[in-house]
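Just below is one structure, and these are the notes that go with it.
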Amino acid sequence: MEHTTKNKDSISHVRGTSIFVDDISEIRGTLQGLVFDSPVAHAHITSLDISDAERCTGVVKILTYNDIRGENQIGGIIQDEPLFAEKEIHFQGQAIALILAETLAEAKKAQKLIQLTYTELPVVTSVRQAHKNGRFTNASRTFRKNDAEKIFAKCDYVFEGQVFTNGQEHLYLETQGAYSVPLENGNIKIYSSTQGPTSVQKATAKVLGVPMHRLEVEVNRLGGGFGGKEDQATAWAAMAAVGTQITGRPVKLILDRHSDMRMTGKRHPYESDFKIGLDKNLKIKAYTATFYQNAGAAADLSPAVAERTLFHATNSYNIENVEVTVHSCKTNLPPNTAFRGFGGPQGMFVIEAAISKAAEALGVSAHKIQELNLLKDGDEFPYGQIASETLIQDTWNKAFTTFDIEKNIQQVADFNSKSKYFKKGYALMPITFGISFTNTPMNHARALVHIYQDGSVGISTGAVEMGQSVNTKMVLVATLTLGISPEKIKIETTNTTRVANTSPTAASATADLNGKAVEMACKILSNRLKTESARLLHLTDIKQISIKDNQVFVSEKLVEISWEELVLSAHLQRLSLTENAHYSTPEIHFDKSKEKGHPFAYHVYGTAFTVVSIDCIKGIYEIDSVKIVHDFGKSLSPALDFGQVEGALVQGIGWMTMEELLYNEKGRLLSNSLSGYKVPDIFSVPKIIEILPLETVGHKHAILKSKAVGEPPLMYGIGTYFALENAIKQFNPNYKHKFNSPLTPEKLLNALYDNHPNEF
Ligand code: MTE
Ligand code: LUZ
Ligand code: MOS
């Protein structure tokens, strides 16, 4: 059954019966919240007059920072982010007030009557400018292995370059929102579309000035998060809860698409400088890079994202001398945040650019340099972890043999020699991605498992379902551990009262962390039930007892005790049918004072081979094929895991080719709607996506040896960028790599003809 398991929500999604925050039946008396946000990116507020607006029909209250009883502070890692602006505005779209009205239409009327006056201050959007001005959201960091600067002098070849990768809009289908409901004695229940129920609970408690136990945060499922709701779901929940605290009424706050795009942070744009040194055998001897991360106006998750950029700065390569530095530059953009890959993609793009630059200058194919420098067991990452169970070369070699890549490369060359206005290009993209929150203390989770007396099972964990199928995976873990059919198992909502102190659903580690806790709780329950079977069967030893297919077996022989009979019997014996287990990842540690340690439980590996075609008259392109060998470990469910690879790949391709985030010099988001911001659709996905699992035994720290899969495949999309640049070179021999992503059709058309040797 495992291989055909589909996401258990798929039917209700298709039928439209799944319940997202905006679908929750409203309680009588519910107020509608509407945010009044800043029209400018940097200013001193001179006055805020809400009196006309507050007199509007239907308006019950307009909240500003003055109404906050606790602290006006929602910063997660660093306390630098007010819920409502006070004296100063730091980005366009920053919340200033929340209108609470009987209807949304009334709130919208009132919104127009709020009078804000301000004096504008200089706006900084560029990271180089912020860096020059010494404006950072958090401390810069450097990872160092040996002495790169010294080694450059001894290298046969040294190349330098600059790189830009743009941000990315999350575009989850369900926009940000929350619904806050008063309970008795001033307690509040918050329904939130968040990846981090505990982050919402903690930040909201601080804003309300109440202890965490007064707040219950409930998450049913998300219509996508992609990192955008790891930290940035908090503000809307806190605002709605302040509304409930002040008015005593339920408050619903759902952002419309436009507001969501304007007010929330995105993937961090990065500008980077690199220097790479090689010997004459194409071995990379030294690598340095400086990353300028556009953090936006507050830290949000930027310190953690920056850290992961450093962890992945050498991607899948072993380099003896490395020095990489990241600066989180403070600008007047909305605070940028987690996005699938979490800084890893930005770091990996730069080393791939450095390799491509070297390949261009030396007249070799980049994949020769890539291949010669792949990691192997025993190599040391710049952060001190020793590579073990390394599978990057296995995925690479399997891709070359199975997909016959050398032949494909020859076919591309043959095509290009015959075709004048259509050209093809290819690239290889190896990935090595570390699994665990880089912040060691976050790597733990709990599960609460109830077996009801009729034999049905209810499981609560800290995992949030957002389309990645974590709930389906939890069902699989419980099914396999308890030996009962999946229909008997229900995954409950994620709720801070049932499972407390959760880490957000993030870092691709959710199924591992929560799944291990589910497995532990189920094992304890299973052993208890086996003991009960032994009692019923007058056996002394439970070793020969097993539970499978909803039945008890002794020494693999069926005995006449069903799961239901066994459970009821245990209940009548007054045994507990509930377990609560806690799992924390073993072995991991990291010393920030030395920037060395063993931060990851394991790594995920893979290799993608991408071929693209460009139309040199129109500047448009297609992706012919992406062929991938991926290390799933021993996949719990290939159907689900393949879906993650396909989705992440296409999201990565979107980031690299068409999603062009654009702010003007005043910090105004120009790509603020779906007419101006293009995401991949079914016509822009590769014509062929082939995914081949690498056959392995899996990793012991992965849930039932099935490795984390959520983020790593996004980085296969990076191959598309380099394949496109290589195709451009086939048409325009004077073209030099630009490393300026996304490579939109407009940029590609210019690249084809800029400085072309022929007249057109
Ligand atoms: N898949 C879907 N359909 N929707 C999402 O929002 N988020 C991604 C990935 N896959 C996401 C998704 C991100 S950013 C992460 S970190 C992982 O799922 C989180 O889930 P996991 O830890 O269970 O893999
Ligand atoms: N979130 C986080 C993450 O807090 N720490 C991480 O290491 C991480 N990695 C990927 C995605 N989200
Ligand atoms: Mo994913 S960026 O860890 O939410």
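Only the coordinates and a few stated rules stand behind these numbers; no lab work does. Because the structure is a prediction, the values reported are computed rather than measured. So basically every Cβ, Gly included, is an ideal-geometry build from the backbone, and we count neighbours across all protein chains shown.
Which semi-axis lengths, in whole Å and largest first, follow from the square roots of five times the eigenvalues of the Cα gyration tensor of segment 67-183?
The answer is 44, 18, 17 Å, longest axis first.
Using Cβ contacts closer than 10 Å as the measure, can you line up 475, 21 from fewest to most?
Numbers: 475 22, 21 28.
By the 10 Å Cβ count, ascending, the order reads 475, 21.
Restricting to DSSP loop positions (anything but H, G, I, E, B) with no more than 13 other Cβ atoms inside 10 Å of their own Cβ, which trypsin sites (Lys or Arg not before Pro) remain in segment 488-563?
543
Determine, for 57, 540, 493, the number of other Cβ atoms within 10 Å of each Cβ, and report the residues in order from fewest to most.
Ascending number of Cβ neighbours within 10 Å: 540, 57, 493.
I'd like the Karplus ³J(HN,Hα) series for segment 150-157: coefficients 6.51, -1.76, 1.60, θ = phi - 60°, whole numbers in Hz, and an x wherever there's a Gly or Pro.
5, 6, 3, 4, 9, 7, 6, 10
Around residue 36, which amide H atoms from residues at least 5 apart in sequence, or from another chain, sit under 5 Å from its own amide H, with H modelled in the peptide plane?
Under 5 Å from the amide H of residue 36 lie the amide H atoms of 96, 97, 98, 99, each far enough along the sequence or on another chain.
So how do 668, 574 line up by other beta-carbon neighbours within 10 Å, fewest first?
Values: 668 18, 574 6.
With the sparsest Cβ surroundings first, the list reads 574, 668.
Work out from phi, with θ = phi - 60° and the Karplus expression 6.51 cos²θ - 1.76 cosθ + 1.60, the ³J(HN,Hα) of each residue of segment 403-409, listed in order in whole Hz, and give x for Gly and Pro.
Calculated HN-Hα couplings, in order: 8, 6, 5, 4, 5, 4, 5 Hz.
Calculate the FRET efficiency for residue 213 and residue 540 from the Cβ-Cβ distance with a Förster distance of 41 Å, rounded to the nearest 0.05.
0.35
How high is the FRET efficiency between residue 153 and residue 406 when r is their beta carbon distance and R₀ equals 35 Å, given to the nearest 0.05?
So the FRET efficiency works out to roughly 0.45.
Decide, for the chain, between rounded, prolate and oblate: order the square roots of the alpha carbon gyration tensor eigenvalues as a ≥ b ≥ c, take rounded if a/c falls under 1.5, and otherwise choose prolate if a/b is larger than b/c, else oblate.
On the way: a/c = 1.84, a/b = 1.12, b/c = 1.65.
Here the chain falls in the oblate category.
Please list, or write none, the lysines whose alpha carbon is within less than 30 Å of the alpha carbon of residue 154, excluding same-chain residues fewer than 8 places away.
145, 275, 280, 283, 285, 357, 368, 376, 594, 596, 736, 738
Whose amide H sits under 5 Å from the amide H of residue 545, counting only residues 5 or more places off or on another chain, with H placed in the peptide plane?
Correct list: 555.
Please give the FRET efficiency for residue 758 paired with residue 142, using the beta carbon to beta carbon distance and R0 = 30 Å, rounded to the nearest 0.05.
So, using R0 = 30 Å, E works out to roughly 0.05.
Quick one: 3J(HN,Hα) in Hz for segment 53-60, Karplus 6.51/-1.76/1.60 with θ = phi - 60°, rounded, Gly and Pro as x.
5, 5, 7, 4, 4, x, 7, 9
Could you give the length gained on full extension between residue 594 and residue 386, defined as 0.36 nm per residue of separation minus the Cα-Cα distance, in nm? Mind dumping the intermediate values first?
Numbers: separation 208, 0.36 × 208 = 74.88 nm, distance 1.57 nm.
Full-extension gain reported as 73.3 nm.
According to a simple spin-label model (label point 7 Å from Cα along Cα-to-Cβ), what is the distance in nm between residue 23 and residue 47?
Label at residue 47, label at residue 23, 4.8 nm between them.
Need one word for segment 305-386: rounded, prolate or oblate. Basis is the Cα gyration tensor (sqrt eigenvalues a ≥ b ≥ c); a/c below 1.5 gives rounded, then a/b vs b/c decides.
Working: a/c = 2.46, a/b = 1.51, b/c = 1.63.
Cα axes put segment 305-386 in the oblate bin.
Suppose each label sits 7 Å from its Cα in the direction of the beta carbon; what would the residue 13-residue 524 distance come out to in nanometres?
3.3 nm
Quick query: amide H of residue 551 versus all other amide H atoms, modeled in the peptide plane; which residues come in under 5 Å with a sequence gap of 5 or more or a different chain?
Amide H neighbours of residue 551: 563.
For the chain, what's the relative contact order in percent, using C-alpha pairs closer than 8 Å and at least 6 residues apart?
It comes to 15 percent, rounded to a whole number.
Within 10 Å of each candidate Cβ there may be at most 12 other Cβ atoms; applying that plus a DSSP loop requirement, which GluC sites (Glu not before Pro) in segment 626-719 survive?
665, 695
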